[in-house]
Amino acid sequence: MKEMKALSIIAALLLPVAAMAQTPEEFKATYDRQVQVAGTGGLGVRPILEAWSAAYPTDTTMLEATFSYYLTKGRTLSVEVHDSRRYLGNEPTLSLKDSTGRAVNYFQVPVYDEEAFARSQSCIRQAIVLAPNNIGYRFDEIASLIDYEKESPDMAATAILELIDYNYSKHPSWWLTDRFLAPGEFNQAIMEYCSTLYNLGTPVGYESFKTISERMLRENPDDVGFIDNVGAYWQAYKKDYKKAAKFYKKALKIDPDDYPAQANLKLIDRIKSNRKKK
């Protein structure tokens with residue numbers, strides 16, 4: 001009996017040593033198996049991450065996994081009522097009528113535990129510092145900030161601008177998961193972020209959308225997509241149709257077949273025509 005107890009104690013003492021002996025790839029395999037069973041923030045994931053971190057504190061794969069753990073653990077959904085048909089670019093989860101027949105729209109909105117979110121950001125920032133050319137880590141950070149900030153994506157916009165500045169000052173070969181980014185994919189990614197910010201439908205979202213589009217135009221003055229973006233800012237947000245038309249016409253000079261510019265100029269003409277009729 002005493003012998004069995006002694007063996008148990010020895011085994012317990014050897015566990016940290018065994019963990020330290022694992023390679024980063026073995027830790028990753030153990031982590032993946034646990035996530036498959038319990039989920040990213042599930043039971044048993046944290047001890048694996050802590051052992052992995054103790055053994056390899058600068059392993060960026062570990063840092064991204066720890067980022068995902070705390071982001072998931074700290075995120076919950078609350079239900080909010082908003083008068084608009086869309087909120088933060090999303091359709092309502094549920095729409096009912098009140099006693100007057102007015103639509104009452106219910107939206108699921110993310111809410112974060114501040115401490116858990118801060119820990120997640122610390123991990124992903126460290127990963128970016130260690131592997132600045134891994135664009136996947138930067139995508140992780142930006143997506144999490146957009147989700148966290150909701151109506152006011154100031155930090156997300158700053159992270160996107162930082163990404164743009166790094167791209168055009170360092171000209172890196174961007175690495176994404178298991179391949180290098182293909183030509184044109186960087187601009188496409190920034191355009192998708194612009195679309196996300198625009199669809200938030202908030203003042204900070206619109207202003208960030210414009211600022212990022214103008215920053216891209218400094219490097220790509222003939223990119224009609226970003227020219228159209230600035231036109232959309234003046235058209236949809238500021239309702240300054242004269243300024244909007246100026247940008248759409250500029251886009252058409254570069255690409256006469258640019259459909260967004262064509263369609264929006266027609267829409268502006270209809271708005272002006274309707275105003276004259278009134």
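Numbers for the structure displayed
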| read-out | value |
| --- | --- |
| F139 being among the aromatic types (F, W, Y), touching a residue at least 12 places away in the same chain (Cβ under 8 Å) and under 18 Å from K73 (Cα atoms) | no |
| Which listed residue is under 24 Å from A182 (Cα atoms) and of a type in the set (F, W, Y), from Y148, Y137 | Y137 |
| Cβ-Cβ under 7 Å pairs, at least 6 apart or on other chains, region 231-258 side within 17 Å of S208 (Cβ to Cβ), far side assigned to a loop (DSSP other than H, G, I, E, B) and among the acidic types (D, E) | W234/D240 |
| Scope region 88-102; condition buried (at least 18 other Cβ atoms within 10 Å of the Cβ) and among the hydrophobic types (A, V, I, L, M, F, W, C); matching residues | L88 |
| Search result, residues across region 230-240 that are part of a helix (DSSP H, G or I) and not aromatic (F, W, Y) | V230, G231, A232, Q235, A236 |
| Answer residue from region 161-171, given it is closer than 15 Å to Y137 by Cβ and in contact with a helix residue (DSSP H, G or I) (Cβ under 7 Å, 6 or more places away or on another chain) and is surrounded by the fewest Cβ atoms within 10 Å (Cβ to Cβ) among those | N167 |
| Answer residue from region 88-117, given it is part of a strand (DSSP E or B) and in contact (Cβ under 8 Å) with a residue 24 or more places away in the chain and is farthest from Y70 (Cα to Cα) among those | N105 |
| Residues satisfying the stated conditions in region 140-161, i.e. among the aliphatic types (A, V, I, L, M), in contact with an Asp or Glu (Cβ under 8 Å, 6 or more places away or on another chain) and under 14 Å from F117 (Cβ atoms) | M155, A156 |
| Every pair of residues 6+ apart whose Cβ atoms lie under 6 Å, when the first sits in region 190-205 and is within 11 Å of A157 (Cβ to Cβ) and part of a helix (DSSP H, G or I) while the second is aliphatic (A, V, I, L, M) and modelled with pLDDT of 95 or more | Y193/I160; C194/I212; G205/L197 |
| Residues located in region 62-87, provided they are surrounded by fewer than 17 Cβ atoms within 10 Å (Cβ to Cβ) and not in a strand (DSSP E or B) | T72, D83, S84, R85, R86 |
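The rows are residues; the columns are (1) surrounded by fewer than 16 Cβ atoms within 10 Å (Cβ to Cβ); (2) at pLDDT below 95; (3) outside any loop (DSSP other than H, G, I, E, B).
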residue: K210; (1), (2), (3): no, no, yes
residue: E214; (1), (2), (3): yes, no, yes
residue: R218; (1), (2), (3): yes, no, yes
residue: D222; (1), (2), (3): yes, no, no
residue: D228; (1), (2), (3): no, no, yes
residue: K246; (1), (2), (3): yes, no, yes
residue: K250; (1), (2), (3): no, no, yes
residue: P256; (1), (2), (3): yes, no, no
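The rows are residues; the columns are (1) aromatic (F, W, Y); (2) more than 25 Å from W175 (Cβ to Cβ); (3) modelled with pLDDT of 95 or more.
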{"site": "Y31", "(1), (2), (3)": "yes, no, yes"}
{"site": "V35", "(1), (2), (3)": "no, no, yes"}
{"site": "S68", "(1), (2), (3)": "no, no, yes"}
{"site": "S84", "(1), (2), (3)": "no, yes, no"}
{"site": "Q108", "(1), (2), (3)": "no, yes, no"}
{"site": "E114", "(1), (2), (3)": "no, yes, yes"}
{"site": "A118", "(1), (2), (3)": "no, yes, yes"}
{"site": "I124", "(1), (2), (3)": "no, no, yes"}
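The values are calculated or read from the model by the stated rules, or taken from the named source; none is laboratory data. Since this is a predicted model, take the numbers as computed values, not measurements. A quick note on method: Cβ atoms are made from the backbone with ideal geometry, for glycine too, and the neighbour counts reach across all protein chains shown.
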